[in-house]
Amino acid sequence: MERETILTRAPTSDTVPADIAVPKDVLPDKRKILQRVKQLEQNRQQWEPQWKDIRDYQLPFVGSFDDTPDTTNPGRRRDLHIAQGVAWAAAQVFAAGIMSGLTPPSRQWFKFEFSNSELNENVQAGRVLDERQEIMQSVLSQSNFYNAIHSSYFELPYGQSPLAVFPDIRKGVRFQSQSIGTYCIDVDGDGRVNTFLRKYPMKLQQIIDQFGIDALPRQEQDKLKAGSVPDNRTRYVYWLVQPNNNAVPGKLGRLNMPFISLYWMSGSSNEEWLYVGGCEEFPVPTGRYMTNANNAYGYGPGWYAMGDAKMLQTMKKDYLTAVELSVKPPLTVTSGVMAEGVNLIPGGVTKLSNPNDKVQQLFNVGLDMQHLAEEIIRTEDAIKRAYSADLFLMLDSITTGQMTAREIVERQQEKLQQLGPVVERLQEEYLTPILERTYNILDRAGVFPPIPPDIAELVAQEDVRITYISPLAQAQKMSGLVNIEQAISFVAQMAQIWPESIKAVDPLGTVARYMDMLGAPAKMRHSDEEIQQMIQQEQQAMQQAQQEQQAMQIAQALPGITQAAKNATEAANDGNPAMADWLGMSGVV
């Protein structure tokens, strides 16, 4: 199915809990919904052991599993299996590197372009897209997007990272990172995530704040209406989003949107829902680090580093044990010394009343720990490579003082290109759906200014695509820029010998192509009409300057010409027949 683009969709409003209630006779069949929930939870069970191992040995502060004390005792120590936290440090570098490489808050990292390359040459149309892009960038900056997506990048080592996108009355849009262990996902036939189930704890007052008292199960409503105060007991709330197979094409209403959105409390009856609504777009874009076939869940750095992470903890504990044995070796003493007691304080004295009494080591602890220490370092480096921390910290590791700025840039690009497949996947199935849904939410809210009529008619049937100009995306494109620079350098060298070779280059087309690949905004460029007008003005100015110069030369030469004519006339009048004949004065007396 062809993917709809941000300007071609004719959106209707997303529903929110404040909307009017759906008639009970058209509510979804909850028994079928619960069967679907059971399937999703069963499919997730085979992945959970690996996720819990990643949490226990690498990322102790990421994830929440309801069959563990994560929910009952969230303040507990989670790092008891970890003696060396290099994986957590590498994950921090990974999240920060992906953040600054793909979605940096301090610079523009995406732009809108027309799929029609010829239309991209229309600067006026490009400025309309630039204006909307700037509004999008401003909305993202003012919302919680960058905080949420940074948390989301911490989830990627598990293999996938869902980010929910909701309309928000105050900020326009709101984002919520989903933590591993709280959700289930599924994919369609094309391998794209299209189903999301979340189970999360909420206090009763929180449920009332979000959905209202009238949405509660009848038993809870009766207690509150009788004067009871909401207790502090935790309830579980389910949220399911999936394709709406019962939607009637062309018919409006929340139950006819492409995706159905359902909320209910655990243990409620089949007729009781907290909320029944719908979404125009899938509201939980899910980025995956790597996938196989049509698996819903992915594989991430935490999977690749698991063997090394477990081995590192074992080696580190052995290393610490060896250090302790060297500092506090096991002793053997005679019975007489045992009666007197052994002073183990540094510098202490143990009294031996019997010459035969002895205090000595049980065995020689002289351990060579160098090899173990070197193996620990190699294992730590392997974990850092699995998280690509060595790539993101590459510039910090450069110690050569003779390296030029160009060499540093080329080395950085070479290493960052190793992340190319991950970057492409995250852009295609994660960032693009996030931006498309954000755009449509803002468009439905009337945030964007109207398109000028002449431009609206021009772009009415045109598709718009999202292109990425983040540092990581630019690293992928940099090879093309290098090709242009090398070609220009070659032509410049050739022109020194054969000047006519410079005519082989179209300077305006080259500059336009280079700026397109850099993702320069349309405001930086002049339109073809403006360029032609400037060329004509320059030519006219040159012609005028030439004419003025010629007039000046004539004016400077005129006094000499006048004097020469006077001299010739005087010579003819003085009786010079040849001069008189040349001036036409022959026969004149």
Legend entry - Leading residue by the ranking (most open to solvent (accessible area, probe 1.4 Å)) among those in the range 213-248 that are polar (S, T, N, Q) and closer than 26 Å to GLN178 by Cα: ASN245
Legend entry - Leading residue by the ranking (farthest from VAL193 (Cα to Cα)) among those in the range 143-171 that are touching a Phe, Trp or Tyr at 6+ places or on another chain (Cβ under 7 Å) and aromatic (Phe, Trp, Tyr): PHE145
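This table checks each residue for (1) exposed (fewer than 12 other Cβ atoms within 10 Å of the Cβ); (2) assigned to a strand (DSSP E or B); (3) among the hydroxyl-bearing types (Ser, Thr, Tyr).
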{"residue": "GLY287", "(1), (2), (3)": "no, yes, no"}
{"residue": "ALA296", "(1), (2), (3)": "no, no, no"}
{"residue": "ASP318", "(1), (2), (3)": "no, no, no"}
{"residue": "VAL337", "(1), (2), (3)": "no, no, no"}
{"residue": "VAL349", "(1), (2), (3)": "yes, no, no"}
{"residue": "LEU352", "(1), (2), (3)": "no, no, no"}
{"residue": "HIS371", "(1), (2), (3)": "yes, no, no"}
{"residue": "LEU391", "(1), (2), (3)": "no, no, no"}
Inset, instruction - Filter the range 176-187 down to the residues that are in a strand (DSSP E or B) and among the hydroxyl-bearing types (Ser, Thr, Tyr), then identify the one that is most open to solvent (accessible area, probe 1.4 Å). - result: SER177
Inset, instruction - Evaluate the following for ALA322: is it among the small types (Gly, Ala, Ser) and open to solvent by 30 Å² or more (accessible area, probe 1.4 Å)? - result: no
Legend entry - Close pairs from the range 283-300: first more than 16 Å from LEU156 (Cβ to Cβ), partner open to solvent by 30 Å² or more (accessible area, probe 1.4 Å) and not in a strand (DSSP E or B), Cβ under 9 Å, at least 6 apart: ASN292/TYR299; ASN294/ASP188; ASN294/GLY189; ASN294/ASP190
Inset, instruction - State yes or no: is ASP190 free of Cβ contacts under 8 Å to residues at least 24 places away in the same chain, part of a helix (DSSP H, G or I) and surrounded by fewer than 17 Cβ atoms within 10 Å (Cβ to Cβ)? - result: no
Legend entry - Filtered residues of the range 156-175 (kept if touching a residue at least 12 places away in the same chain (Cβ under 8 Å) and open to solvent by 10 Å² or more (accessible area, probe 1.4 Å)): PHE166, PRO167, ASP168, LYS171, GLY172, ARG174
Inset, instruction - Give the residues of the range 69-113 that are in a loop (DSSP other than H, G, I, E, B) and among the small types (Gly, Ala, Ser), sorted by residue number. - result: GLY75, ALA83, GLY85, SER106
Legend entry - GLN210 touching a residue at least 60 places away in the same chain (Cβ under 8 Å) and either farther than 30 Å from ASN292 by Cα or part of a helix (DSSP H, G or I) (or both): yes
Legend entry - Those residues of the range 113-155 which are among the hydroxyl-bearing types (Ser, Thr, Tyr) and open to solvent by 30 Å² or more (accessible area, probe 1.4 Å), in sequence order: SER115, SER117, SER138, SER141, SER151
Inset, instruction - Please specify each residue of the range 48-68 satisfying the condition of being assigned to a loop (DSSP other than H, G, I, E, B) and surrounded by fewer than 18 Cβ atoms within 10 Å (Cβ to Cβ). - result: PHE61, SER64, PHE65, ASP66, ASP67, THR68
Legend entry - Residue check for LEU129: of a type outside the set (Asp, Glu) and not in a strand (DSSP E or B): yes
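The values are calculated or read from the model by the stated rules, or taken from the named source; none is laboratory data. Just so you know, these numbers come straight off a predicted model, no measurement behind them. Counting neighbours? That spans all protein chains shown, and the Cβs are built from the backbone with ideal geometry, glycine included. Each accessible area value is taken on the protein alone, full model and side chains, heavy atoms only, with ligands, DNA and RNA left out. Shrake-Rupley method; radii C 1.70, N 1.55, O 1.52, S 1.80 Å.
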